[in-house]
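See below for the structure under consideration.
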């Protein structure tokens, strides 16, 4: 190796190092920007009331105080709310999976009159503002006696959310069409092809939808607050808002609120860590998030 | 059908064979057709009709002509307030949010170690979402919170963010910007889809890093950016939870989002007719903005196969 190429490659390495250093510096800034709030809430949930009143605010709690957790858990009936939310979420996830895979299969593997036109309509409904349909929906549910129950939250998920249909369709499109032909030759009808041949291959897409649906339903505060009126039917999100109003009205325990925020977010964090791979894949596949 | 079969069995069998795939197709998409009819088309039309009525859940809707529309456009100061708040919020969050998500996505696309860790961390706040995240930011922005403590280090006395008429809306915008994880991942996916040979072409031409970014990366990811602008604009125009939880629209009307006002009219005062008129107006505004976005897109979004 001549001296010239040596020094050239050396300066190239230095340049590369500088670049990496800059990247890490910016990544660290990003880390503070995105993660510090989460760290703060966890630390705050361990603070005593006295810790909160100190000026300037302290980062670390003076002692490892766990008392906020049981107090928050008991201040509103979170046990019931967790159970309620779990039931609603589970039923919704099942509904979204069944309906999105059926409709997604239809839009991707079958040819029928109006398919492309209807699919365009489906895509455009994703852009329709929530507020423009909510009032008649509410009146419709009221008419049939569903307001105050979980039905308005659960039943629609059995009738195909366009976002998940789109995701399923995109995934079905990646599977070779020879599969359908082979199934047909073997005597499968469309339902058989769907159920026995293609659906088992879509597990990653189904996992993606399950995760997105879980997170969306768990955090879907607006609909819950509109449709539910009895405390016994409330969800975790409403419970959290409930606690916030209680505290706003004079019970000054920020630690309580932080503890409640931590334990109500845990299911989401858990699902996120388990399913992150699928979420990222889903986003890459559809070019959109599942919300 | 039965009689047709007995009269001309062969013809109808052919017809059935022709018809069958279409019927099967429609059967598969029927769950969506049901929700499209009952939860989209019907409410869409019904809210339009309700806009011309007075209806407070008692009795039946009473037709009142253009009274709601007149009230909405000329008499109700809350409508003007909430539109101003909402548009300001869009201006504070959409351009900055787009810029941040592009920058962070580029950062996450660097070939350095530990990227999966950073990607996870940056996306996590977006997952928590909803009420929990709103509460979290309520304490971050508290008078005695970490933001003001940090400001105190450099000698600035921070305001009481969420309770200050001037700062309440920017505070909510700040919160929105710290949770832009979804947009970031969409752009990251687009970045990873840019064909490598395009970069090699720039290298052969002796182009620098900047040229690569300007002539290859940006045009290639512009459809993803455009998509994000559309979706976040529509989403931000409908904001509700943050104002509902963090500020309750206040102080005064400083954070009275249109969505929050509509919610109050509909589900606080149960004025379904007037709320429907409000809903249709926000629909038309969002539609207008979306069309405008598509128009502007002609000048900056690059699509393969054009030109």
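The values are calculated or read from the model by the stated rules, or taken from the named source; none is laboratory data. Everything numeric here is computed off the predicted structure, so don't read it as measured data. Positions of Cβ are backbone-derived with ideal geometry, glycine not excepted, and every protein chain shown enters the neighbour counts.
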- [ ] Count, please, the residues in the range B:149-162 that happen to be in contact with a helix residue (DSSP H, G or I) (Cβ under 8 Å, 6 or more places away or on another chain) and either closer than 20 Å to residue A:258 by Cα or not assigned by TED's automatic domain parsing to the domain that holds residue B:254 (or both).
- [x] 2
Open item on the list: Condition first: part of a loop (DSSP other than H, G, I, E, B) and either in contact with a strand residue (DSSP E or B) (Cβ under 6 Å, 6 or more places away or on another chain) or closer than 16 Å to residue B:221 by Cβ (or both). Now tell me which residues in the range B:84-119 satisfy that.
Closed with: B:109, B:110
- [ ] Please tell me if residue A:195 is at pLDDT 90 or above and over 16 Å from the mean Cα position of the chain (by Cα).
- [x] yes
Open item on the list: Can you find a residue that is more than 9 Å from chain A (Cβ to nearest Cβ), within 18 Å of the chain's Cα centre (by Cα) and under 13 Å from residue B:89 (Cβ atoms) anywhere in the range B:247-254?
Closed with: no
Task: Check on residue B:189, under 28 Å from residue B:299 (Cβ atoms), in contact with a helix residue (DSSP H, G or I) (Cβ under 7 Å, 6 or more places away or on another chain) and modelled with pLDDT under 85 - done: no
Open item on the list: So for the range A:48-60 (the condition being surrounded by 12 or more Cβ atoms within 10 Å (Cβ to Cβ) and either touching a strand residue (DSSP E or B) at 6+ places or on another chain (Cβ under 9 Å) or at pLDDT 90 or above (or both)), does at least one residue qualify?
Closed with: no
Task: Condition check for residue B:83: surrounded by fewer than 21 Cβ atoms within 10 Å (Cβ to Cβ), at pLDDT 90 or above and within 13 Å of another protein chain (Cβ to nearest Cβ) - done: no
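Residue check: is residue A:121 at the interface with another protein chain (Cβ under 8 Å from one of its Cβ atoms), closer than 17 Å to residue B:35 by Cα, under 29 Å from the mean Cα position of the chain (by Cα) and surrounded by 17 or more Cβ atoms within 10 Å (Cβ to Cβ)?
No; evaluated as a whole, the condition is false for this residue.
Residues checked against (1) crowded, with 23+ Cβ neighbours inside 10 Å; (2) within 9 Å of chain A (Cβ to nearest Cβ); (3) part of a helix (DSSP H, G or I):
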{"site": "B:256", "(1), (2), (3)": "yes, no, no"}
{"site": "B:259", "(1), (2), (3)": "yes, yes, yes"}
{"site": "B:276", "(1), (2), (3)": "yes, yes, yes"}
{"site": "B:280", "(1), (2), (3)": "no, yes, yes"}
{"site": "B:292", "(1), (2), (3)": "no, no, yes"}
{"site": "B:299", "(1), (2), (3)": "no, no, yes"}
Task: Long-range neighbours under 6 Å by Cβ, at least six apart or interchain, first residue in contact (Cβ under 8 Å) with a residue 24 or more places away in the chain within the range A:108-127, second assigned to a helix (DSSP H, G or I) and surrounded by fewer than 17 Cβ atoms within 10 Å (Cβ to Cβ) - done: A:108/A:173
TODO: State whether one or more residues within the range A:86-94 are touching a residue at least 24 places away in the same chain (Cβ under 8 Å) and not assigned by TED's automatic domain parsing to the domain that holds residue A:260.
DONE: no
- [ ] Look at residue B:245 and say whether it is free of Cβ contacts under 8 Å to residues at least 60 places away in the same chain, assigned to a helix (DSSP H, G or I) and assigned by TED's automatic domain parsing to the domain that holds residue B:173.
- [x] no
- [ ] Among the residues of the range B:112-132, write down those that are closer than 14 Å to residue A:28 by Cβ, without any contact (Cβ under 8 Å) to a residue 24 or more places away in the chain and facing another protein chain (nearest Cβ under 7 Å).
- [x] B:112, B:118, B:121
- [ ] Determine which member of the set B:266, B:224 is under 16 Å from residue A:133 (Cα atoms), within 11 Å of chain A (Cβ to nearest Cβ) and crowded, with 21+ Cβ neighbours inside 10 Å.
- [x] B:266
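Hey, among B:212, B:175, which residue is part of a helix (DSSP H, G or I), surrounded by 21 or more Cβ atoms within 10 Å (Cβ to Cβ) and more than 8 Å from chain A (Cβ to nearest Cβ)?
B:175
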Open item on the list: Quick check on the range B:153-162. Is at least one of its residues within 18 Å of residue B:250 (Cβ to Cβ), more than 23 Å from the chain's Cα centre (by Cα), part of a loop (DSSP other than H, G, I, E, B) and free of Cβ contacts under 8 Å to residues at least 24 places away in the same chain?
Closed with: yes
Task: For residue A:165: the one exception among (1) farther than 30 Å from residue B:55 by Cβ; (2) surrounded by 18 or more Cβ atoms within 10 Å (Cβ to Cβ); (3) more than 14 Å from chain B (Cβ to nearest Cβ) - done: (3)
Task: Residue in the range A:100-115 that is under 30 Å from residue A:72 (Cα atoms), in a helix (DSSP H, G or I), more than 9 Å from every other protein chain (Cβ to nearest Cβ) and at pLDDT 95 or above present - done: no
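Could you go through the range B:16-30 and let me know if any residue there is in a loop (DSSP other than H, G, I, E, B) and at pLDDT below 90.
No, the range B:16-30 has no match at all.
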Open item on the list: Quick check on residue A:65: is it out of contact with any strand residue (DSSP E or B) (no Cβ under 6 Å at 6 or more places or on another chain), more than 14 Å from chain B (Cβ to nearest Cβ) and either under 27 Å from residue A:231 (Cβ atoms) or surrounded by fewer than 16 Cβ atoms within 10 Å (Cβ to Cβ) (or both)?
Closed with: no
